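Remarks on the structure that follows.
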Amino acid sequence: MAGRYGMRDPRYDILFEPVRIGPVTTKNRFFQVPHCNGMGHAMPLAHAAMREVKAEGGWGVVSTEECEIHPSSDLTPYVEARLWDDRDIPALALMCDKVHAHGALAAVELSHNGPTASNLYSREVLLAPSHQPSKYGYPAQARAMDLRDIAEYRRWHREAAVRGMKAGMDIVYVYAAHDLSLPMHFLQRRRNQRSDAYGGSLENRVRLLREVLQDTREAVGHRCAVALRFATEELLGPGGVELAEAQDIVGLLAELPDLWDVNVAAWYNDSVPSRFAREGAQEPFIDFVRKATTKPVVGVGRFTSPDTMVSQIRRGVIDLIGAARPSIADPYLPRKIEEGRVDDIRECIGCNICVSGDMTISPIRCTQNPSMGEEWRKGWHPERIAAKASEARVLVVGGGPAGLEAARALGQRGYEVHLAEARRELGGRVTREARLPGLAEWARVRDWRLGQIGKLANVSTYLDSALTAQDVLDFGADHVVIATGCQWRRDGFGRTHGLGVADFVENPRVFTPDDLMDGRWPEGRVVVYDDDYFYTASVVAEALRQRGCEVTYLTPDDTIASWSANTLDYRHIQWRMAELGVAQCVSHMVTGYADTTLALKHVWSGAAASLTCDAVVLVTARLPDDALYQALRQREAEWEGAGIRTVSCIGDALAPGLIAHAVYAGHRYAQELDAPKHEEVPFKRHFHHDTPVA
Ligand code: ADP
Ligand code: SF4
């Protein structure tokens, strides 16, 4: 029967058809496309374990991230995969073995990044089609490749393909996407001003890509499928790859690869945050490819709905459902569809915290899936968790992301859980923030947890229950978890103003994001003061513009929303602010606010300035709502009498952070309850085998 547990809805059968890709066959249409993870060659065991969970969760193909093929394409400080020589094979063989153990195919995305590499580790000179500055602002230029360099590059690629095959890869990628690889750089007029056979006409600019595809086929095509990852549009005008030309390129190369993996460049246009693009947004840029080739086509679109997936296939847009983020948020997505458990899918919210792992060179983490990046080092699994180790009753106070995840995971372990929430609705900050412009999908953090909790008879939920310390003592649970969240400060305290701003205190013209979310909005000329540097100020500015306010985005930082570069939001925020007519005033701190005059000081010159405004919204810092926790600590002497063994404070109530931090804190609490006390370092680490041990 359709949708019943254990049975797949026949509507989704098409997703489970095998697809032939050159010499190999994938068991289904679920294709985990390459994605970075901040672990790469530096943490091969952690990397392999993370990929294994995807294979276990049903993905037919599991890919690496970008894989450096040569020291002249060294991506330091970013940590990606590496196949410089044979000594790099075992690390990737580890991944292949684990992926194969679950019947999935392994794919490697070979890449030489040319002028978009750094070579900070290898100290080699950067290479490019023509002389040009390095893309990422390193104070060095890439040199123009001569014909000998091109021949060498082709040799490196061939040899890396063979190494990939030896590691056990089933699919070897030629990479011409994201503005990150030489075959793409040769296509781009802005990077290729050559006058030889590799520059000028389209046929010439395509030459290298064609040759590398042929080389790869010759080197490994008897065993491995050759995939081409190709960007069809860069949205940069004639200097970049444009759709019309991309159509010609696909026409020229149509049958050469065994698989087309197509997307929009650069990364910020590919992994667009949900605030700026909906599910399936790339369709208009890639749908022509399927008609131009007989080879299978994979595309991405943050697909989490099986109906959308089926529609993409039935309408002939793509053959394989590509996913990076949906596979991170739910490595078990295919299996859940297969088992008729669509409601259990933990849908990606499009926040791009996963991307920030790569950007900050740290192991990948995910807002929705707290086990991401912890598979090997903590032994966490996205679906399984140890059964309870005692009959303890747990009281969770606060139903935001931290409290919900703690209650859910404790409930999954089998504990008797009681979740009390002061408001009439659950979700805490995600419920509140999801009402702001563009953030609707963030409510999925709440919805998935509520869905799971709803299936657990051992978790009871109480709304409209603002607990006091006395209530908690009277309740008498064995363990109490305080997850009561935080509030935005209204005194101006933040990174820049260590002593706050006296004029803000008890000033009726001063607002915080909490006021707005509570329905108290300013009017007229409003300054949004951002000393937080992430997404909130721009979302507030957008909401105020929607309400007809005249808005100035003011920040002591040298640009708006600087941290959002780590989540690929930054450019979209800049474009959105420009579109909305939000004025910007950067590099200015506040020195006072009298009546409607906001006094400013330039952070570098010290020059005084001012802005006239009817109100200021402060996005500076937050303070934990930990009064309940502190009150309970005060009454520690009474715990034993009340039957309470431990009281813990987690999430924003302990230290305000990202939603991802709150979910992680809730999950960690549940994992560690009744677990043996861990050692000082609470996770496994990689040690370099060449380093002598003292
Ligand atoms: P986090 O991100 O750490 O989960 P949130 O602010 O999202 O924090 O959620 C905290 C939740 O706790 C809010 O929904 C809030 O209404 C609730 N809360 C705060 N104080 C109490 C209390 N004393 N009793 C019950 N619930 C509370
Ligand atoms: Fe999706 Fe956010 Fe998780 Fe990335 S971190 S996979 S965007 S939910």
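The values are calculated or read from the model by the stated rules, or taken from the named source; none is laboratory data. The shown structure was predicted, so the numbers you read here are calculated from the model rather than taken from an experiment. Methodologically, a virtual Cβ is constructed for each residue, glycine included, from the backbone with ideal geometry; neighbour enumeration extends over all protein chains shown. Protein only, heavy atoms only, side chains kept; ligands, DNA and RNA dropped before computing areas. Shrake-Rupley method; radii C 1.70, N 1.55, O 1.52, S 1.80 Å.
In whole percent, how big is the carbon plus sulfur part of the accessible area of the chain, probe 1.4 Å, protein atoms only? Display every interim value, and only then the final one.
Numbers: 13740 of 26610 Å².
Looking at the chain in its full context, I get 52 percent from C and S.
From the phi of every residue in the range 631-648, what ³J(HN,Hα) in whole Hz does the Karplus formula 6.51 cos²θ - 1.76 cosθ + 1.60 yield, where θ is phi - 60° and glycine or proline is x?
Here the 3J(HN,Hα) series is 5, 5, 4, 4, 9, 4, 4, 8, 4, 4, x, 8, x, 8, 9, 9, 10, 10 Hz.
Scan around residue 584 for amide H atoms under 5 Å from its own, H built in the peptide plane at 1.01 Å from N, and keep only partners 5 or more places away or cross-chain.
Placed amide hydrogens put 553 under 5 Å from residue 584.
Using just the C-alpha positions of the range 479-591 as equal point scatterers, what log10 of I(q)/I(0) does the Debye formula give at each q in 0.14, 0.19 1/Å?
Treating every Cα as an identical point scatterer, log10 I(q)/I(0) equals -0.59, -1.05.
Give me Rg over Rh for the chain, both radii from the alpha carbons and Rh done the Kirkwood way, two decimal places.
Values: Rg = 26.7 Å, Rh = 27.0 Å.
That ratio is 0.99, to two decimals.
Per residue of the range 349-356, what does 6.51 cos²θ - 1.76 cosθ + 1.60 with θ = phi - 60° give for ³J(HN,Hα)? Whole Hz please, x for Gly and Pro, Karplus curve as stated.
Listing the rounded values in order: 9, x, 8, 6, 5, 4, 5, 5 Hz.
Would you grab the residues whose amide H sits under 5 Å from the one on residue 494? Only those 5+ places off in sequence or on another chain, please, with H modelled 1.01 Å from N.
500
Hey, what's the Kirkwood Rh for the range 234-344 if you take every pair of different alpha carbons, in angstrom? Intermediate results must be reported in sequence, preceding the final value.
Details: mean 1/r = 0.0668 Å⁻¹.
After inverting the mean inverse Cα-Cα distance, the result is 15.0 Å.
Taking the Cα atoms of the range 1-55 alone, what are Rg (to one decimal) and Dmax (as a whole number) in Å?
Values for the range 1-55 (Cα only, Rg and Dmax): 15.7, 47 Å.
Sort all Cα-Cα distances of the range 372-521 into consecutive 5 angstrom bins from zero, then give the percent of pairs in each bin up to the one containing the longest distance.
Taking all Cα pairs of the range 372-521, the binned fractions are 2, 9, 14, 17, 16, 14, 12, 9, 5, 3, 1 percent.
How much net charge surrounds residue 671 when only the other residues with a Cβ under 14 Å from the Cβ of residue 671 are counted, with Lys and Arg +1 and Asp and Glu -1?
Details: positive: 377, 378, 384, 388, 408, 413, 668, 677; negative: 374, 375, 383, 405, 672, 674.
With Lys, Arg at +1 and Asp, Glu at -1, the neighbours total +2.
Could you put 304, 597 in order of accessible surface area, largest first, with the 1.4 Å probe and the full protein assembly present? All intermediate terms of the calculation are to be shown ahead of the outcome.
Numbers: 304 5, 597 65 Å².
Listed by decreasing accessible area, they come as 597, 304.
Over what distance in Å are the Cα centres of the range 313-355 and the range 153-183 separated?
Here the answer is 26 Å between Cα centres.
Is the C-alpha gyration tensor of the range 601-694 telling us rounded, prolate or oblate? Criteria: a/c under 1.5 is rounded; beyond that, a/b larger than b/c is prolate, otherwise oblate.
On the way: a/c = 3.16, a/b = 1.34, b/c = 2.37.
Oblate shape, in that a/c is at least 1.5 and b/c is the bigger or equal ratio.
Under a Cβ-Cβ cut-off of 10 Å, what is the net charge of the residues other than residue 479 that fall near it, where Lys and Arg count +1 and Asp and Glu count -1? Let's see the in-between values first.
Numbers: positive: 393, 645; negative: 478, 674.
The answer is 0.
Relative contact order for the chain using alpha-carbon pairs under 8 Å, separation at least 6, rounded to a whole percent? Before the final figure, lay out each step's value.
Details: 1612 pairs, mean separation 80.1, N = 694.
About 12 percent, as a whole number.
Work out from phi, with θ = phi - 60° and the Karplus expression 6.51 cos²θ - 1.76 cosθ + 1.60, the ³J(HN,Hα) of each residue of the range 381-388, listed in order in whole Hz, and give x for Gly and Pro.
10, x, 10, 10, 8, 4, 5, 4
Counting only residues 5 or more places away or on other chains, whose amide H sits under 5 Å from the amide H of residue 487 once H atoms are built in the peptide plane?
Those qualifying (amide H under 5 Å, at least 5 residues apart or on another chain) are 623, 625.
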